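What follows is a single structure, written as structure tokens, with notes after it.
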Amino acid sequence: MPHCIIEHSSTLVAADLLAAVYQGAVKSQLFDHKDIKSRAMAYEQHHSGDGITSFVHVAVKILSGRDIEQKNQLSNAVLQELVALNFSDTSLTVEILDIEKASYAKSIV
């Protein structure tokens with residue numbers, strides 16, 4: 001845990017985004033580095049009504065039980081790493097989502 005799902009404009013380099021999100025999750029100090037899972041999905045077609053040409057949206061799914069301060073710490077740490085990539089005309093957003101422990105299932109086969 002966590003699962004970091006990055007949606008982004010296809011004009012941006014996924015490897016850079018994956019590295020930034022990973023670093024942000026590590027810097028939050030909420031997770032062991034080996035437990036951070038990330039994936040990226042590029043969008044060829046997207047529209048933003050405000051004239052911004054690119055976007056990055058990160059959904060970080062974590063097991064329930066973290067308080068709002070910890071979630072804020074995580075979202076800000078990830079956002080800071082994305083900001084450090086120095087994009088222009090790019091919307092950067094991060095949201096933290098709870099996964100209910102009672103219904104989460106996992107198996108490594």
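The values are calculated or read from the model by the stated rules, or taken from the named source; none is laboratory data. Bear in mind the structure is a predicted one, so any value in this text is a computation, not a measurement. Because the Cβ atoms are built from the backbone with ideal geometry, glycine has one as well, and the counts that use them run over all protein chains shown. Just so you know, the surface numbers come from the protein's heavy atoms only, side chains and all, with ligands and any DNA or RNA stripped out. Shrake-Rupley method; radii C 1.70, N 1.55, O 1.52, S 1.80 Å.
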Inset, instruction - Leaving out ligands and nucleic acids, note down the accessible area per residue over the chain with a 1.4 angstrom probe, in whole Å². - result: 61
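Test of understanding: what is the full-extension gain from residue 52 to residue 105, defined as 0.36 nm times their sequence separation minus their Cα-Cα distance?
Details: separation 53, 0.36 × 53 = 19.08 nm, distance 3.86 nm.
Contour length minus the Cα-Cα distance gives 15.2 nm.
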Legend entry - the chain, relative contact order [Cα under 8 Å, separation at least 6], %: 35
Inset, instruction - Mind grabbing the accessible area of residue 44 for me, 1.4 Å probe, Å², rounded to tens? - result: 150
Inset, instruction - For residue 32 and residue 14, calculate 0.36 nm times their separation in residues minus their Cα-Cα distance, and state this gained length in nm to one decimal. - result: 4.2 nm
Inset, instruction - DSSP loop (so not H, G, I, E, B), at most 13 other Cβ within 10 Å: list which chymotrypsin sites (Phe, Trp or Tyr not before Pro) in the stretch 38-109 pass both filters. - result: 104
Inset, instruction - Name the residue, out of 15, 25, 59, whose mean-square fluctuation peaks in a Gaussian network model built on the chain with Cα pairs under 10 Å. - result: 15
Legend entry - Long-range HN-HN contacts of residue 55 with modeled amide H, under 5 Å: 9, 91
Inset, instruction - Just name one of 99, 48, 78: the one whose Cα is farthest towards the positive end of the charge dipole of the chain (beta-carbon charges, Lys/Arg +1, Asp/Glu -1). - result: 99
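Using a probe of 1.4 angstrom, how much of the accessible area of the stretch 23-109 is carbon and sulfur, in percent? Don't skip to the answer; put the middle values down first.
Details: 2840 of 5920 Å².
Within the stretch 23-109, the accessible surface is 48 percent carbon and sulfur.
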Legend entry - Highest-MSF residue in the chain out of 47, 33, 57 [GNM, Cα springs under 10 Å]: 47
Inset, instruction - Would you mind telling me which residue in 75, 64, 48 has the biggest mean-square fluctuation in a Gaussian network model of the chain, where springs connect alpha carbons within a distance under 10 angstrom? - result: 48
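Would you mind working out the magnitude of the charge dipole of the chain relative to its Cα centre, with +1 at each Lys and Arg C-beta and -1 at each Asp and Glu C-beta, to the nearest 20 Debye?
Values: 9 positive and 13 negative charges, 91 e Å.
The dipole magnitude comes to about 440 debye.
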Legend entry - Angle in degrees between helix 68-83 and the longest Cα principal axis of the chain, rounded to the nearest 10: 40
Legend entry - Net length gained if the chain between residue 64 and residue 89 were fully extended (0.36 nm per residue, minus Cα distance): 5.6 nm
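Under the definition of Cα pairs under 8 Å and six or more residues apart, what whole-number percent is the relative contact order of the stretch 53-109?
Values: 55 pairs, mean separation 32.1, N = 57.
With pairs under 8 Å counted, the relative contact order is 56 percent.
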